[in-house]
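Since the structure comes first, as structure tokens, the remarks are kept for the end.
The values are calculated or read from the model by the stated rules, or taken from the named source; none is laboratory data. Remember, it's a predicted structure, so these values are computed and weren't measured experimentally. Using ideal geometry, Cβ is built from the backbone for each residue, glycine included, and neighbour counts are taken over all protein chains shown. For the accessible areas, the whole protein counts, side chains as well, though only heavy atoms, and no ligand, DNA or RNA atoms are used. Shrake-Rupley method; radii C 1.70, N 1.55, O 1.52, S 1.80 Å.
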Amino acid sequence: MLYFIPILILEFYLCLTLLVFAFGPIDYELATPVLFWLLMVLYLVSFCVGFLIAYLIKGKPKQFSDFYLGDDKSTWYMYFIMMASFVASVASFSTVSVFDILNPQFWYQTVFNGIVDPGAQYRLKIERFQSGAEANKILNILSVFILFAKSLIIPMLVFMWHRLAFTMRFLALLISLIPVLSGFFNGTNKPVFDFLIFYAASLFVYFIYNKFRFGSYKLKTRKFFIGVSIVACVGAFSFFGLVIGGRGGEVSYIESTSMLGDITVINRSLASSNPIYYAYVWFTNYLVQGYYGFSLSLQQEFETTFGFGHSVFLMRQLEWLTNIDLTELTYQHKIDEFWGESAQWHSLYSHLANDVHFFGVSFLCLFIGFFLARVWFSVLDNGSFYGACLIPLFVLLIFFIPANNQIFGFLGTFSSFSIITLLWLKEGKSLMTKRSDL
């Protein structure tokens, strides 16, 4: 049963988001509802089929040693990841001086301003973006080789906690918090949710692995991180409410995002008087609005983007290198007059469809299910460290499927997923070599 936990969670979560899309506090009118729902079912089935194929061909588990998550990693490797993560994290504060970075008062003021007036911080971020203050192509190229450390430090901290000295634990915790501070600095809540997802997902892997390998979840060994995850969960949703409230957006704005008038907020008066319902409406809007963009794309003609259209990041690099702009071929651009190409979110399915059409997306879903299964089985059967580190990125990918292309659309997550996957493949060959020597 433990083998099937990831696919059960994936199916449950995506079904839940579809229920929210269909029956939640926002009513979305679909132009082609039959085709939309048929494709949703097809994609859900494809995830399952891919996962089951991987299960059927994996064979029996061959536990060949007492290998444990992270036990083959030296503390020096942890120091390297900490340093790389620190550099990559502070690089996101590209408009801040080195003096400020090293000044505790700056961090205190950042948190204070982010909590008291996140709307002002967000407006400052937009001004910096419009002025081009955050654009640095050379820095982006160099950061590709260290950004993966930001995705490794939290899993490593969770898995290797029992082996780390107090000083290393303390420093690693502080470094893992820097991206959260960037959320306060920019008035955005995504870094806070990423923090929650990575700690919760890493704990999930740790507990399930222990249950599979030793028959006990060993909850007591990670009580501290359970507390961290609970605080992060409360903090993430609380900060989300602060951010939305700070921006001062009325729920009527949600309706105005559709130029076709297809979106209606149910019980607008309650949203105006009840802050909890107000935050709930906005949260569901962010969570499932990509499905609406997907539905509009179904009416557009398909023109392949040759394997680049699934990633805005890749298309920008292609344009930079060759001066070829493929954005006009994407579904997101074709529905821009109805649903903002960059102002609104588009489901991961829409981005994948740019390359392979909507029915072709089912094969990519099958591959994602297969790949997820292979990674998960490598963790349970072989104690794969990099497989365990990939799981939080998979959780991030799955969580944002209804909303946007979170993993492949941005430099940080794209490079992290790619590099850690390569490390996982290399590790897999090493594990097979060890197995053959026994």
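So for region 30-39 (the condition being surrounded by 15 or more Cβ atoms within 10 Å (Cβ to Cβ), assigned to a helix (DSSP H, G or I) and modelled with pLDDT of 95 or more), does at least one residue qualify? Spell out the reasoning first.
Let us first name the residues in region 30-39 that are surrounded by 15 or more Cβ atoms within 10 Å (Cβ to Cβ), namely 30, 36, 39.
The next check asks that each one be assigned to a helix (DSSP H, G or I); those that pass are 36, 39.
With the extra rule that they be modelled with pLDDT of 95 or more, the set shrinks to 36, 39.
Yes, region 30-39 contains a residue that is surrounded by 15 or more Cβ atoms within 10 Å (Cβ to Cβ), assigned to a helix (DSSP H, G or I) and modelled with pLDDT of 95 or more.
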For Glu341, work out the one condition from (1) of a type outside the set (A, V, I, L, M, F, W, C); (2) in contact with a Phe, Trp or Tyr (Cβ under 6 Å, 6 or more places away or on another chain); (3) modelled with pLDDT under 95 it doesn't fulfil.
(2)
Among helices (runs of 4 or more DSSP H) entirely inside region 168-279, those with 3 or more residues being among the aromatic types (Phe, Trp, Tyr) are 190-214, 223-247
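Of everything in region 153-167, what is among the β-branched types (Val, Ile, Thr) and either under 20 Å from Val231 (Cβ atoms) or not in a helix (DSSP H, G or I) (or both)? Give them in sequence order. Spell out the reasoning first.
Here is the first cut: in region 153-167, the ones among the β-branched types (Val, Ile, Thr) are 153-154, 158, 167.
Those that are among the β-branched types (Val, Ile, Thr) and either under 20 Å from Val231 (Cβ atoms) or not in a helix (DSSP H, G or I) (or both): Ile153, Ile154, Val158.
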Does Tyr79 count as exposed (fewer than 15 other Cβ atoms within 10 Å of the Cβ), part of a helix (DSSP H, G or I) and modelled with pLDDT of 75 or more?
yes
Would you check if there is a residue in region 404-414 being surrounded by 20 or more Cβ atoms within 10 Å (Cβ to Cβ), under 21 Å from the mean Cα position of the chain (by Cα) and closer than 24 Å to Ile53 by Cβ?
yes
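If you take the residues in region 333-343 that are out of contact with any helix residue (DSSP H, G or I) (no Cβ under 6 Å at 6 or more places or on another chain) and touching a residue at least 12 places away in the same chain (Cβ under 8 Å), which one is nearest to Phe408 (Cα to Cα)? I'd like the intermediate steps shown before the answer.
We begin by selecting, within region 333-343, every residue out of contact with any helix residue (DSSP H, G or I) (no Cβ under 6 Å at 6 or more places or on another chain); these are 334, 336-337, 340, 342-343.
Narrowing the set further to residues that are touching a residue at least 12 places away in the same chain (Cβ under 8 Å) leaves 334, 337, 340, 343.
Details: Lys334: 20, Glu337: 24, Gly340: 20, Ala343: 18 Å.
Within region 333-343, the match that is nearest to Phe408 (Cα to Cα) is Ala343.
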Restricting to region 164-207, and then to whatever is more than 30 Å from Ala120 (Cα to Cα) and in contact with a Lys or Arg (Cβ under 9 Å, 6 or more places away or on another chain), can you tell me which residue is surrounded by the fewest Cβ atoms within 10 Å (Cβ to Cβ)?
Phe207
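Any residue in region 241-250 that is free of Cβ contacts under 8 Å to residues at least 12 places away in the same chain, farther than 30 Å from Gly383 by Cα and open to solvent by less than 60 Å² (accessible area, probe 1.4 Å)?
Looking only at region 241-250, we keep the residues that are free of Cβ contacts under 8 Å to residues at least 12 places away in the same chain, and these are none.
Looking through region 241-250, none of the residues is free of Cβ contacts under 8 Å to residues at least 12 places away in the same chain, farther than 30 Å from Gly383 by Cα and open to solvent by less than 60 Å² (accessible area, probe 1.4 Å).
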